[in-house]
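Let me begin by presenting the structure, written as structure tokens, before commenting on it.
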Amino acid sequence: MSRADGGLPDASGRFGPFGGRYVPETLMAALQELEEAYLAARDDPAFRAELEALLRDYAGRPTPLYFARRLSERMGGARVYLKREDLAHTGAHKINNALGQALLAKRLGKRRIVAETGAGQHGVATATACALLGLECIVYMGAEDIRRQAPNVFRMRLLGAEVRPVESGTRTLKDAINEALRDWVTNVRTTHYLLGSAVGPHPYPMMVRDFQSVIGREAKEQLLAREGRLPDYAVACVGGGSNAIGLFHPFYEDRQVQLVGVEAAGRGLGTGQHAASLAAGRPGVLHGAYSYLLQDEQGQVLGTHSISAGLDYPGVGPEHSFYKETGRARYVAVGDEEALEGFRLLAETEGILPALEPAHAIHYAAHLAKTLPPEAIVLVCLSGRGDKDLAVVAQALGVQV
Amino acid sequence: MGRIAACFRDLRERGEMGIIAYLTVGYPDVDSTLRLVPALLAGGAHLVELGIPFSDPLADGATVQRATQAALEQGVTPATCLQVVGTLRERGVEAPLVLMGYFNPVLAYGVERFAADAAAAGVDGLIVVDLPWEEAGPVLAACRAYGIDLVPLVAPTTSDERLARIGSEASGFIYCVSVTGVTGAREELPPDLPDFLRRVRERTALPVAVGFGISKRKHVESLRPWAEAVVVGSAIIQCLDGARPDEREERVKAYVEVLAGRRGQDEA
């Protein structure tokens, strides 16, 4: 897979100062074992062939690159292209990583899988991969997220997963990760933790990035075939940041491509009710990595808010912190109301209901396109579809369904 | 010689098993912590661990999570914890006091400044649950500079190579996590615990303490051949639950007396 990043992370799992492995001692052996197994699998043609076949025949890759003509015309500026991860099996990019890690778990001889989920997309993808490969699956999900993402909870259960509600802390994604880690600490000898974003201790940020980089590799190839050139901008939403790093990483060396990550500004950065770690946080350690973090003066992790459960997380992957510090990517924040506008805009102009997470990126990209000349190209990762969000959107719009 | 080393030397001379008692600072309130530490020592504890509350205690089970949450709701900060140690020293507590917590609050305070202020307050040791030895460099340097022991955790899953490295570089004592799991009282200890403790002992000259799941006198007795001390946490917090404020000190004192073999189970 791509090594266009100068080999980061380094041997200690660092992207510059960010990353590392800040975990309870009990997990150190498992992380070392996972790292070794992953590096061996990455270089094993048989593993790669098996994963590529599943991604093609089962997950539906490559996903289309779609020129959003009416959206572009409506905005009256640059041409906007959508990388259609919403058309991958299970309706989001999460399947890329879930299949990769589930295959790896089988290689490790671990037949019990635990995962966390926020919006439920990673939980559904993990439950799907486990059903496909015959693995036991337990998904931890914040009680608050279970309430707002009920359809995905039902999907996971239909797929044979056990969904365990998490009542501690803020009862969202952060606490689901805490609980998944507690399970892993307890059952580490038999269990693989199938972490869903490019966060956590080394090797997760590297491994999840590699599995998601298929997004950017395909998009680059498709755009070159169609337009004969690279995009001017690549835009993606950032919660933990897996779809964004998957899109960005293959463009890392292409300095003419501006990378923009869109975080959730929730009710506004000034209100404290947001999830914009890079825009409004400072570096700290949560869930095994040193990275940007929303925390108070005492180092306590702050509660977050976003209309989209998938972005409602106080941390962010360490590679994004590195991109921010080095200036390779720029990070902006888009609020709940604007995300809803992005959702409606794409529905009305293109007949596509995006998930609320990429609706943030759509809003930013559409307004960016307006400021650019017609020959400019903006590539957006449409990381998931919006079916799961209909109840939330209806409620926000004051509609009874 | 520091207080921790002196404490284990005295234990060895007396042939006694050490009791390390854990409290979350500020549970149920800060004033209680100040009164409970002397009560634990009066009951027979030799060393006290004071937990710095953190919003995301991912190595802790339900009991310590709940105590942590209650402490945070009362506004307990790392600075509060240092003040508690300072106050205990002013009140004449001479036993070794060890702070235990997660890395981010220490990082936010400033590693160097934290070590300096901790030493000034009278802290003898520091345990950072999510700071494996490979990541501990800056904290270890700061602790050494101010004469604080950075006490490492080792687990049944820790390899022999890492045990040897940690066992030769650490100071104070080695904290052995008895099970693969989170903190919390358990009925039985795992059967392979002696094998694990033997692996540790063969690779360090430091005293060995065993924690996670320890709550009964029978646990203490069974570990005597393998360890210098046991750590008891969740069981002490459970003693506090449901106790009237005026009963708390007596309850934890009586509990530690049972653990230490000073009184029978039925008398507690």
Exercise for the section: Those residues that are in a loop (DSSP other than H, G, I, E, B) and under 21 Å from A:H89 (Cβ atoms), I need them from the stretch A:344-395; list them, please. Expected result: A:G351, A:I352, A:L353, A:A355, A:S383, A:G386
Practice task
Check B:P53, B:P38 and return the single one that is modelled with pLDDT of 95 or more and either surrounded by 24 or more Cβ atoms within 10 Å (Cβ to Cβ) or within 14 Å of another protein chain (Cβ to nearest Cβ) (or both).
Solution key: B:P53
Completion exercise
The lone condition A:I177 fails out of (1) surrounded by fewer than 24 Cβ atoms within 10 Å (Cβ to Cβ); (2) under 22 Å from A:I95 (Cα atoms); (3) within 14 Å of another protein chain (Cβ to nearest Cβ) is (1)
Handout entry: Residue pairs meeting the criteria (Cβ under 7 Å; at least 6 apart or on separate chains; first facing chain B (nearest Cβ under 7 Å) and without any contact (Cβ under 8 Å) to a residue 40 or more places away in the chain, in the stretch A:19-43; second part of a strand (DSSP E or B) and open to solvent by 10 Å² or more (accessible area, probe 1.4 Å))
Key = A:E25/B:L153
Exercise for the section: For A:P283, state whether it is in a strand (DSSP E or B) and in contact (Cβ under 8 Å) with a residue 60 or more places away in the chain. Expected result: yes
Practice task
May I ask you to list the residues in the stretch A:188-200 that are at pLDDT 95 or above and surrounded by fewer than 24 Cβ atoms within 10 Å (Cβ to Cβ)?
Solution key: A:T190, A:T191
Problem - Wholly enclosed strands (runs of 3 or more DSSP E) of the stretch A:176-268 bearing at least 1 residues farther than 28 Å from A:A127 by Cβ - result: A:233-237, A:258-266
Problem - Check on B:E134, within 13 Å of chain A (Cβ to nearest Cβ) and free of Cβ contacts under 8 Å to residues at least 40 places away in the same chain - result: yes
Handout entry: The one condition in (1) within 14 Å of chain B (Cβ to nearest Cβ); (2) touching a residue at least 12 places away in the same chain (Cβ under 8 Å); (3) in contact with a Pro (Cβ under 8 Å, 6 or more places away or on another chain); (4) not β-branched (V, I, T) that A:Q298 fails to fulfil
Key = (2)
Completion exercise
Residue count, the stretch A:316-343, condition assigned to a loop (DSSP other than H, G, I, E, B) and within 14 Å of chain B (Cβ to nearest Cβ), comes to 0
Handout entry: Matching option when the condition is under 18 Å from the mean Cα position of the chain (by Cα) and either of a type in the set (S, T, Y) or open to solvent by 10 Å² or more (accessible area, probe 1.4 Å) (or both), among B:V111, B:V106, B:V182
Key = B:V182
Practice task
Look through B:A205, B:A170 and report the one residue that is more than 17 Å from the chain's Cα centre (by Cα), hydrophobic (A, V, I, L, M, F, W, C) and either modelled with pLDDT of 95 or more or on the phi < 0 side of the Ramachandran plot (or both).
Solution key: B:A205
Practice task
Could you tell me whether any residue of the stretch A:239-248 is among the β-branched types (V, I, T), open to solvent by less than 10 Å² (accessible area, probe 1.4 Å) and over 19 Å from A:G327 (Cβ atoms)?
Solution key: no
Handout entry: Selection status of A:A198, away from chain B (no Cβ under 14 Å), small (G, A, S) and under 14 Å from the mean Cα position of the chain (by Cα)
Key = yes
Fill in the blank from the handout: Of the candidates A:D336, A:D312, A:D296, the one satisfying the condition of being over 16 Å from the mean Cα position of the chain (by Cα) and under 29 Å from A:L181 (Cα atoms) is A:D296
Completion exercise
Going through the stretch A:71-119 in order, the residues found to be in contact with a helix residue (DSSP H, G or I) (Cβ under 6 Å, 6 or more places away or on another chain), over 17 Å from A:A180 (Cβ atoms) and of a type in the set (S, T, Y) are A:T90
Handout entry: Flag for A:L269 being of a type in the set (A, V, I, L, M, F, W, C), surrounded by fewer than 19 Cβ atoms within 10 Å (Cβ to Cβ) and more than 10 Å from chain B (Cβ to nearest Cβ)
Key = yes
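Every residue, every condition in (1) closer than 30 Å to B:E73 by Cβ; (2) out of contact with any helix residue (DSSP H, G or I) (no Cβ under 9 Å at 6 or more places or on another chain); (3) of a type in the set (V, I, T), yes or no:
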| residue | (1), (2), (3) |
| --- | --- |
| A:A125 | no, no, no |
| A:C130 | no, no, no |
| A:L133 | no, no, no |
| A:Y140 | yes, no, no |
| A:D145 | yes, no, no |
| A:Q149 | yes, no, no |
| A:V153 | yes, no, yes |
| A:S168 | yes, no, no |
Fill in the blank from the handout: Among residues of the stretch A:47-73 being under 30 Å from A:K370 (Cβ atoms) and of a type in the set (S, T, Y), the residue most open to solvent (accessible area, probe 1.4 Å) is A:Y66
Practice task
Examine the stretch B:168-181 for a residue that is part of a helix (DSSP H, G or I), more than 11 Å from chain A (Cβ to nearest Cβ) and either in contact with a Leu (Cβ under 8 Å, 6 or more places away or on another chain) or free of Cβ contacts under 8 Å to residues at least 60 places away in the same chain (or both), and state whether such a residue exists.
Solution key: yes
Exercise for the section: Look through B:R144, B:R165 and report the one residue that is within 14 Å of chain A (Cβ to nearest Cβ), surrounded by fewer than 19 Cβ atoms within 10 Å (Cβ to Cβ) and of a type outside the set (D, E). Expected result: B:R165
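One line per residue, one yes/no per condition, for (1) in contact with a helix residue (DSSP H, G or I) (Cβ under 6 Å, 6 or more places away or on another chain); (2) over 20 Å from B:G44 (Cβ atoms); (3) of a type in the set (A, V, I, L, M):
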residue	(1), (2), (3)
B:P190	no, yes, no
B:L197	no, yes, yes
B:E202	no, yes, no
B:A229	no, no, yes
B:R248	yes, no, no
Completion exercise
The condition of being within 14 Å of chain A (Cβ to nearest Cβ), open to solvent by 20 Å² or more (accessible area, probe 1.4 Å) and modelled with pLDDT of 95 or more holds, among B:P156, B:P194, B:P190, only for B:P156
Exercise for the section: Spot the failing condition for A:Y313; the list is (1) within 14 Å of chain B (Cβ to nearest Cβ); (2) among the aromatic types (F, W, Y); (3) not in a loop (DSSP other than H, G, I, E, B), and only one is missed. Expected result: (3)
Handout entry: Selection from the stretch B:232-266 of residues that are open to solvent by 60 Å² or more (accessible area, probe 1.4 Å) and within 20 Å of the chain's Cα centre (by Cα)
Key = B:Q238, B:E249, B:R251
Handout entry: Failed condition for B:E202, given (1) within 14 Å of another protein chain (Cβ to nearest Cβ); (2) free of Cβ contacts under 8 Å to residues at least 24 places away in the same chain; (3) open to solvent by 10 Å² or more (accessible area, probe 1.4 Å)
Key = (1)
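The values are calculated or read from the model by the stated rules, or taken from the named source; none is laboratory data. All of these numbers come straight from a predicted model, not from anything done at the bench. Please note: Cβ atoms are built from the backbone with ideal geometry, for glycine as well, and neighbour counts cover all protein chains shown. With ligands, DNA and RNA removed, areas are computed over all heavy atoms of the protein, side chains included. Shrake-Rupley method; radii C 1.70, N 1.55, O 1.52, S 1.80 Å.
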